[in-house]
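Take a look at the structure set out below.
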Amino acid sequence: MARPGSGLLVPVNGLGYPPQNLARVVVWEWLNEHGRWRPYSAAVCHHIENVLKGDARGTVVLGQVDAQLSPYIIDLQSMHQFRQDTGTMRPVQRNFYEPSSAPGKGVVWEWENDNGSWTPYDMEICVTIQNAYEKQHPWLDLTSLGFCYLIDFNSMSQTNRQSQRKRRLRRRMDLAYPLIMGSIPKSQSWPVGASSGQPCSCQQCILVNSTRAASNAILASQRRKLYGGTVGNPGATGTLTVVRQSNTFAGTSLWSPTSTSSGTNNNISVGGGQAKAEQVQMPLSNANFPCSPVMPSLSSAHGHHTLTINGQNNLNRPGTQRISMGSARGAIPPGVPALPVKNLTGSGPVHPALAGMTGILMCAAGLPVCLTRAPKPILHPPPISKSDMKPVPGINGMRRKTKKKHLRRGKNPEDVVRRYTEKIKVMPDEDCTICMERLVMSSGYEGVLQHKGIKPELVGKLGKCGHMYHLLCLVAMYNNGNKDGSLQCPTCKTIYGEKTGTQPPGKMEYHVIPHCLPGYPDSKTIRIVYDIPAGIQTNEHPNPGKKFSARGFPRHCYLPDNEKGRKVLKLLIMAWDRRLIFTIGTSSTTGESDTVVWNEIHHKTEFGSNLTGHGYPDPNYLDNVLTELSAQGVGEDNLKD
């Protein structure tokens, strides 16, 4: 679908150019794994355009304008985005829109995802929604754009026509996208910009420069290997059929070029799968297909050869693509080294960034490389019937509940402090680490807190650890905490009394299932299921009276059904009863605030693999979680024989 008012944009090496002497809004976009062009924010686009003006063949460090994009850089010469910590590369493009369109006005349309955060629509859809909104249409059908959604402007919702599921949508104002005038010369991919001076010496820019050097080496080596005609027959002439796929896919890419000539059938299929296509006949030349190195396995003049390029994270440059010969994952040509990239956290045999950079350098030297696709984590066991779920040996029952009536009320602060301290008559000449005043002086909370019987100059020593503080400072610390009748030494973290948390009401279930975890072949598995509904925050939570969300529940966790695993389960049950497993705060994964999050006691949520770091095998996990439980005051000494 042509973008409103933009006419037909002719891409040159990935760039679109506006008609002569017309103002256009520039939007930079990147290609995601589903084949959708996703827009960068307006601030990022302004940053890219500024770099483009200074050095049109340079590199854009996205982290300079958006901290969340700090791992990413854009190579303007190859028009690809590179992620430095994983080695992932994605194509980028530069598109143009009318100044009166949504990006020109700074209008952003977003839909609410499952995590409760907001996701912007593709720019093409955003422009269409804004046009309908300005014309005061009551609703908009997105079927013509390939989406079975109905937009209702009255209720500001999006409805899936198939599942009838509704999501909220919103319209917000942001920075307008950059505006340009005129056209860019088409005689070259990029106009050569002036040097911007001495390069930066920070670690990120050093990595950028090394990546650029490897990239240039790749381009130089591959220009000597471009097709001069059909594969294996340099003197032949032929045509190139470019098939544009229009489907949404997983693990495939947008292009499936096929070259044909007499006596030879060399299919280069990008991704795979079925798709509606439009075919465009072009002369087969280096200009039209500059990314086709003559690989040793494709050099035969006769026969049928197939090269499948996985669409996710692939490139339009030779040598830097993640490729696998044939459709089978194991059909790698003899002698081609395989660099298995198992995940994005570096727990595989080869760190993804190292594998990516190694692949780039090996390709620059003319060596073929195959980076295998990342396997999916196994989060859950095979389906289990209720009759197969058995009680955990040595533990009564299979369920725990926390209700509002279980929430403890605060206790008198003075009584709590006096219970765990003893008065000191001769004060040492050292600081109180709470108020940072000398112990021989009055508490820094003098005049701030007034409590009968506790004078500002009184000093107390905690019974177990012996650390000393102003009694008034301990009262202030208690008032700022959970007020559950317990104290925790701010210096050594020793807990006095029974520490409880602020976990909202919910349910905990546990049972044994007839499957074993990786690393524990001789043991069955203990499965724990936590379920906490959304609700309203109380006085013990960060924002009393405000709603809190509960994403990802019920959450399934796993322990081996052995002696140590059962010990951990008993302590987890105790921690649940004390409301220490979860709390309400800000998610470190999604950034969402006022939501239920883990409370520093790690759980294994991946059943049959360890790709995310939250699975098995992990020989140290049980000991580590025992240490974490002990830090919360739930130690093995609490267990009854």
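A compact table of results
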quantity: Scope region 21-49; condition out of contact with any helix residue (DSSP H, G or I) (no Cβ under 8 Å at 6 or more places or on another chain) and either assigned to a strand (DSSP E or B) or modelled with pLDDT under 90 (or both); matching residues; calculated: Asn21, Leu22, Ala23, Arg24, Trp30, Leu31, Asn32, Glu33, His34, Gly35, Arg36, Arg38
quantity: Residues of region 426-436 satisfying the condition of being crowded, with 16+ Cβ neighbours inside 10 Å and under 44 Å from the mean Cα position of the chain (by Cα); calculated: Cys432, Ile434, Cys435
quantity: Condition broken by Glu110, with the remaining ones in (1) open to solvent by less than 20 Å² (accessible area, probe 1.4 Å); (2) within 24 Å of Arg170 (Cα to Cα); (3) without any contact (Cβ under 8 Å) to a residue 60 or more places away in the chain; (4) not small (Gly, Ala, Ser) satisfied; calculated: (3)
quantity: Whichever residue in region 36-51 is open to solvent by 20 Å² or more (accessible area, probe 1.4 Å) and among the hydrophobic types (A, V, I, L, M, F, W, C) and, among such residues, is farthest from Ile180 (Cα to Cα); calculated: Trp37
quantity: Hits in region 511-541 - residues which are open to solvent by less than 40 Å² (accessible area, probe 1.4 Å) and farther than 20 Å from Ile378 by Cα; calculated: Ile532, Gly535, Gln537, His541
quantity: Residues located in region 557-577, provided they are open to solvent by 10 Å² or more (accessible area, probe 1.4 Å) and either in contact with a His (Cβ under 7 Å, 6 or more places away or on another chain) or not in a helix (DSSP H, G or I) (or both); calculated: Asp561, Asn562
quantity: Residue in region 420-436 that is in contact with a Leu (Cβ under 9 Å, 6 or more places away or on another chain), assigned to a loop (DSSP other than H, G, I, E, B) and among the acidic types (Asp, Glu) present; calculated: yes
quantity: Residue within region 464-486 that is touching a helix residue (DSSP H, G or I) at 6+ places or on another chain (Cβ under 7 Å), assigned to a loop (DSSP other than H, G, I, E, B) and closer than 30 Å to Glu606 by Cβ present; calculated: no
quantity: Leu580 among the hydrophobic types (A, V, I, L, M, F, W, C) and assigned to a helix (DSSP H, G or I); calculated: no
quantity: Criterion: open to solvent by 30 Å² or more (accessible area, probe 1.4 Å), farther than 30 Å from Ile384 by Cα and either without any contact (Cβ under 8 Å) to a residue 12 or more places away in the chain or not in a helix (DSSP H, G or I) (or both) - qualifying residue of Asp637, Asp623, Asp618; calculated: Asp637
quantity: Residue check for Ser78: in contact with a helix residue (DSSP H, G or I) (Cβ under 7 Å, 6 or more places away or on another chain), under 30 Å from Asn154 (Cα atoms) and crowded, with 19+ Cβ neighbours inside 10 Å; calculated: no
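The values are calculated or read from the model by the stated rules, or taken from the named source; none is laboratory data. Worth saying up front: this structure is predicted, and the values here are computed from it rather than measured. Counting neighbours? That spans all protein chains shown, and the Cβs are built from the backbone with ideal geometry, glycine included. Side chains included, ligands, DNA and RNA excluded: accessible areas come from the protein's heavy atoms. Shrake-Rupley method; radii C 1.70, N 1.55, O 1.52, S 1.80 Å.
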